[in-house]
Amino acid sequence: MGWKSLDDMNLNGKRVLTRVDINVPMEDGRVTDATRIERIVPTIKDIRARGGSPVLLAHFGRPKGQPNPEMSLQPLVPALEQAFGCAVTFVERPSRDWIDAQPADAVILVENTRFSPMEEANDPQMAQFLASLGDVYCNDAFSAAHRAHASTTGVAHLLPNCAGRLMQAELEALEAALSNPKRPVGAVVGGAKVSTKLDLLQNLVKKIDVLVIGGGMANTFIAAQGADLGASLQEADLHNTARDIMAAAKDAGCTVILPTDGRVAREFKADADHEIVALGQDTKLADDQMVLDAGDDAADAIARAFSDLETLIWNGPLGAFEIAPFDTATMVAAKAAAALTKADKLVTVAGGGDTVAALNQAGVADDFTYISTAGGAFLEWMEGKDLPGVAALTQ
């Protein structure tokens, strides 16, 4: 592990610089989805219960290093106060003297860190300034851990540091899923394009036992074997790469599961006329036909494969899950994984925006062992990359 948690720190009477991700959707000055705020509540409450005062550092939007009133954190104060059950004091330009003049249990919110170009440049001067505002650094923003910014890495090198409760949960879940998993371990990798997940696939086949490929990505792999998939989404320039990944999987003893049948339609719309067609190297679809989802046999085979696993990592849907009936395979597989998890037969860790949306749509998100809302950081971790924000906590 190498990193410390809040349990390892003496916080009594300390100002605790706490990096959080509260980059929440807003409409007309109000928060429309407070999930990210709710997930940091345990950290804030824990710091205060241990006699510390949280000083929150966060970004919002992409102001490109310039103050932008539309991306101020000030409108978030009511939502934060509601979630924390206490007053939150907003400050635009803090100093240590000002912070020390606040009550010993105050929760302080500092204006958007990205209003300065020094934040994304990880400028040592900004890191020094931030460090001067606190006595301890706590990173609770795993979703920003793949960025080497002043507030995620620079300041961590200058103060006693630890992971917050959300960061701790995320790191423990990911460690259990890929660094030190119960085997056999499998992964579902779906989505539209192979090109966005090349590093991921190349890393996974060396580390896992079963790889399920779905979505538009699966079309590329099937077409690489010689199939003519008509108007289906696929990347013809990556056929060689797909074959290389299949060969690497074989060498590593990783079983790759591709859909053996698919839901095929001539138009991409809800409830479009469709048929189920066998998929393989001899498949020849009409020029206007598209594979939009894995078929029933494929969905059943994937669900059966889950029952042989101890650990499952999921990133990406198996088809165009946004519209029925092309959500069928994703829903079947998600429910199968959830049932095994509830029966204590499978550890399931899922992440990525589309994945979380699909699991919510299936009504099974709460049944998975762990759901990461981290997006880019989750993907880079799956790719085997070092995350600067995590590395800074372990040095």
Original post:
Sequence-distant or interchain residues sharing an amide H contact under 5 Å with VAL256, placed H: which?
Top reply: LEU211
Original post:
Over the chain, what is the relative contact order in whole percent, taking alpha-carbon pairs under 8 Å and six or more residues apart?
Top reply: 16 percent
**OP:** Report, in deg cm²/dmol and to the nearest 500, the calculated mean residue ellipticity at 222 nm for the chain, where each DSSP H run with n ≥ 4 adds -39500 (n - 2.57) and the sum is divided by the residue count.
**Re:** -10000 deg cm²/dmol
Original post:
Considering the values (i) 88, 55, 44; (ii) 55, 48, 42; (iii) 74, 43, 38, which represents Cα extents along the principal axes in Å as calculated for the structure under consideration?
Top reply: (iii)
**OP:** Output the antiparallel fraction of DSSP beta bridges having both residues in the stretch 15-159, as a percent to the nearest 5.
**Re:** 10 percent
Subject >> Given charges at Cβ of Lys, Arg, Asp, Glu: the chain dipole, positive-most of ALA131, LEU292, LEU80 >> reply: ALA131
**OP:** Counting only heavy atoms of the protein chains, get the accessible area per residue of the stretch 280-395 (1.4 Å probe) and round it to a whole Å² value.
**Re:** 39 Å²
Subject >> Rg to Rh, two decimals, where the stretch 92-242 supplies the alpha carbon set and Rh follows Kirkwood >> reply: 1.16
**OP:** Would you give the gap between the C-alpha center of the stretch 103-137 and the C-alpha center of the stretch 176-237, rounded to a whole Å?
**Re:** 40 Å
**OP:** Only loop residues by DSSP count here, and only those with at most 16 other Cβ atoms within 10 Å; note down the chymotrypsin sites (Phe, Trp or Tyr not before Pro) in the stretch 240-316 that meet that.
**Re:** PHE268
Original post:
Measuring with a 1.4 Å probe in the full set of protein chains, what accessible area per residue, in whole Å², belongs to the stretch 33-83?
Top reply: 48 Å²
**OP:** Pairs of Cα atoms under 8 Å, at least six residues apart: use those to get the relative contact order of the stretch 81-150, whole percent.
**Re:** 31 percent
**OP:** Pick out, in residue order, every one of the trypsin sites (Lys or Arg not before Pro) in the stretch 63-167 that is DSSP loop and has at most 13 other C-beta atoms within 10 Å; say none if there are none.
**Re:** LYS64
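Nearest 5 percent is fine: what portion of the DSSP beta bridges confined to the stretch 249-395 is antiparallel?
55 percent
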Original post:
Using every alpha carbon pair in the stretch 309-355, what percent of pairs falls into each 5 Å bin from 0 up to the bin containing the largest distance?
Top reply: 5, 22, 29, 23, 14, 7, 1
Subject >> Rg/Rh ratio calculated on Cα atoms of the stretch 1-99 (Kirkwood radius) >> reply: 0.97
**OP:** Report Rg(Cα)/(2.2 N^0.38 Å) for the stretch 55-169, keeping two decimals.
**Re:** 1.02
**OP:** Rounded to whole Å and sorted largest first, list the principal axis extents of the Cα atoms in the stretch 191-298.
**Re:** 40, 27, 25
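The values are calculated or read from the model by the stated rules, or taken from the named source; none is laboratory data. Values in this document were obtained by computation on a predicted structure and should not be read as measured data. Cβ: placed from backbone, ideal geometry, glycine included. Neighbour counts: every protein chain shown. Side chains included, ligands, DNA and RNA excluded: accessible areas come from the protein's heavy atoms. Shrake-Rupley method; radii C 1.70, N 1.55, O 1.52, S 1.80 Å.
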